[in-house]
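I have placed the structure first, in the form of structure tokens, so that the comments after it can refer back to it.
The values are calculated or read from the model by the stated rules, or taken from the named source; none is laboratory data. Predicted model only: the values in this text are computed from it and were never measured. In this analysis, Cβ positions are derived from the backbone assuming ideal geometry, glycine residues included, and neighbour counts consider all displayed protein chains.
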Amino acid sequence: MILSQLLNYVAVLFFCVSRASSLDTFIAAVYEHAVILPNATLVPVSPEEALAVMNRNLDLLEGAVTSASKQFNCFLKGHTHSSFQGDSSTRVAQGAHIIVTPEDGIYGFNFTRESIYPYLEDIPDPQVNWIPCNNPDRFGRTPVQQRLSCLAKDNSIYIVANIGDKKSCNASDPQCPPDGRYQYNTDVVFDSKGKLVARYHKQNLFLNEDQFNAPKEPEVVTFNTTFGKFGIFTCFDILFHDPAVTLVRDSRVDTILFPTAWMNVLPHLSAIEFHSAWAMGMKVNFLASNLHYPLKKMTGSGIYAPDSPRVFHYDMKTEEGKLLLAQLDSHPHPTPVVNWTSYASGVEAHSMGNQEFTGTVFFDEFTFLELKEIGGNYTVCQRDLCCHLSYKMSEKRSDEVYALGAFDGLHTVEGSYYLQICTLLKCKTTDLHTCGDSVETASTRFEMFSLSGTFGTQYVFPEVLLSEIQLAPGEFQVSSDGRLFSLKPTSGPVLTVTLFGRLYEKDNAPNALSDLTTQALRYL
């Protein structure tokens, strides 16, 4: 008996060592952090008070880092752990190589330019070759960078965190702000020895980020590891070309690191839905760490491979954080290039008479067709975009309505960006006027679906979202001719099946600024 146990132990140990020595794969971790906010005030607090708030959050982040790094570094199919969420085929004993934490995770949000200042540190260019844990005073007062560096060093793990950077300027710089400093929403990366290896200043600030400046030019930040090449950007950046697309297309990164404070917007911009779709559309690994703050609809983190989500988390019911881990390929396998208009351009569009109607999805006016039968083929067009759907429902319920929608236009609320979207979605009620409204539950499963469109872009992100805001790993695929199709009957009722296209070159269309102002005023 003892000999048998010893042999089993040796076998497992050999397996673990062999896995650890191979860098074809790595263990990724993301932490959805329930942020502790400072007391609401417009008056700047003292540096000591600011640090006290940040240390409370860092205490929680430290727990996640320690938990992610201290277990044996080995992949075992079917292994479970109490703090890990994932499919049994990808479960891992904890021992992450890298962990991502959220945007605003160390000090929260709702700041003015003045009130955030005590929370900022001077973050140097990583080329200075600095380990803050070993030399904390080299660049002035940097207690947060010191603590993050020591956490990374002590736990032998790469740490990705979001903090604030400050840079002094003067009148010789014509763009210098009146208060004589630039303030940046900043991502930092410390390697497993505690060295600062990456610093990224967020380019595309959200509407309420007046406390920060955007850099003068988009920063394309990458770093290399023994388990792949990484790029980094933050939250709202994902909707724009620079630096997000540039990192993948030009810098050829394997994995994107994505700290975010993402407020979920249904039906198409739920965090887990859109982030997993971006990973699939751009053919990269994607590590998304969201804040956990349900009062602002902030939840939804995940580890996504190009072919399918590895693990994800969505929780609007509790106030608890969540640590996720999964194994990823260090260099995702190449997949065929998708011609997003190939199939759809060959489909003959049948006239549906006057059955089309309009509906609003996140302030955009879609053209819709109701799916009146249990199955069939439908086409709906708007401007240059025609969307084609073949489908079969498990049953046609009288209390649920689904529609096929198309949108080809400039979105102008909470940012200005040009979209082409084909979507199959559940309407909120049986009233067609509710098609496009936010809805979280459904009862209708689909036996099959195939969705395509005549897109004018190569940047299309495939989404499948099921009832209760769940993803559908392994249940669908994208063909090289541009079809998003099911591989099996859906495991749950369908909320939406969507092809979300971005035409970056049309973002600066004529009258975009005036349209943005008009729509924003209407929204407010």
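Below are the figures for this structure:
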read-out: Positions within the stretch 224-239 being at negative phi and buried (at least 19 other Cβ atoms within 10 Å of the Cβ), in sequence order; value: Thr225, Phe227, Phe230, Gly231, Ile232, Phe233, Thr234, Phe236, Asp237, Ile238, Leu239
read-out: Candidates Asp307, Asp315 - the one that is under 23 Å from Val460 (Cβ atoms) and of a type in the set (Asp, Glu); value: Asp307
read-out: Subset tally (residues that are of a type outside the set (Val, Ile, Thr) and at pLDDT 50 or above) for the stretch 43-88; value: 24
read-out: Residues that are in contact with a strand residue (DSSP E or B) (Cβ under 9 Å, 6 or more places away or on another chain) and not in a strand (DSSP E or B), drawn from the stretch 380-399; value: Arg383, Asp384, Ser394, Lys396
read-out: Failed item, numbered, when Thr335 is tested on (1) of a type in the set (Val, Ile, Thr); (2) within 31 Å of the chain's Cα centre (by Cα); (3) modelled with pLDDT of 95 or more; value: (3)
read-out: Qualifying position, being among the hydroxyl-bearing types (Ser, Thr, Tyr) and touching a residue at least 60 places away in the same chain (Cβ under 8 Å), among Thr246, Thr222, Thr226; value: Thr226
read-out: Condition met for Pro294 (touching a residue at least 12 places away in the same chain (Cβ under 8 Å) and more than 11 Å from the chain's Cα centre (by Cα)); value: yes
read-out: Answer from Asn377, Asn354 - the residue that is modelled with pLDDT of 95 or more, of a type in the set (S, T, N, Q) and over 30 Å from Tyr293 (Cα atoms); value: Asn377
read-out: The stretch 166-207, subset of a type in the set (Asp, Glu) and either in contact with a Ser or Thr (Cβ under 9 Å, 6 or more places away or on another chain) or outside the structural domain of Ile238 (by TED's automatic domain parsing) (or both), residue nearest to Asp237 (Cα to Cα); value: Asp187
read-out: Residue match in the stretch 418-426 (condition: in the same structural domain as Gly492 (by TED's automatic domain parsing), more than 28 Å from Thr246 (Cβ to Cβ) and surrounded by fewer than 21 Cβ atoms within 10 Å (Cβ to Cβ)); value: no
read-out: In the stretch 327-367, residue surrounded by the most Cβ atoms within 10 Å (Cβ to Cβ) [restricted to those that are part of a loop (DSSP other than H, G, I, E, B) and hydrophobic (A, V, I, L, M, F, W, C)]; value: Trp340
read-out: Any strands (runs of 3 or more DSSP E) falling wholly within the stretch 143-217 and containing at least 3 residues that are over 23 Å from the mean Cα position of the chain (by Cα) and modelled with pLDDT of 95 or more; value: 158-168, 181-190
read-out: Number of the condition not met by Gly321 [criteria: (1) out of contact with any strand residue (DSSP E or B) (no Cβ under 7 Å at 6 or more places or on another chain); (2) within 19 Å of Ala161 (Cα to Cα)]; value: (1)
read-out: Residue within the stretch 433-445 that is assigned to a loop (DSSP other than H, G, I, E, B), under 27 Å from the mean Cα position of the chain (by Cα), buried (at least 24 other Cβ atoms within 10 Å of the Cβ) and hydrophobic (A, V, I, L, M, F, W, C) present; value: yes
read-out: Close pairs (7 angstrom Cβ cut-off, 6 or more residues apart or separate chains): closer than 14 Å to Gly321 by Cα in the stretch 94-117, surrounded by fewer than 20 Cβ atoms within 10 Å (Cβ to Cβ) and modelled with pLDDT of 95 or more anywhere; value: none
read-out: Flag if Asn264 is out of contact with any Leu (no Cβ under 8 Å at 6 or more places or on another chain), under 30 Å from Arg383 (Cα atoms) and not assigned by TED's automatic domain parsing to the domain that holds Val30; value: no
read-out: Some residue of the stretch 115-134 being surrounded by fewer than 19 Cβ atoms within 10 Å (Cβ to Cβ) and touching an Asp or Glu at 6+ places or on another chain (Cβ under 8 Å); value: yes
read-out: Within the stretch 151-180, considering residues that are free of Cβ contacts under 8 Å to residues at least 24 places away in the same chain and touching a strand residue (DSSP E or B) at 6+ places or on another chain (Cβ under 7 Å), the one surrounded by the most Cβ atoms within 10 Å (Cβ to Cβ); value: Cys169
read-out: Residues of the stretch 271-302 that turn out to be buried (at least 24 other Cβ atoms within 10 Å of the Cβ), hydroxyl-bearing (Ser, Thr, Tyr) and in contact with a Ser or Thr (Cβ under 9 Å, 6 or more places away or on another chain), as a count; value: 3
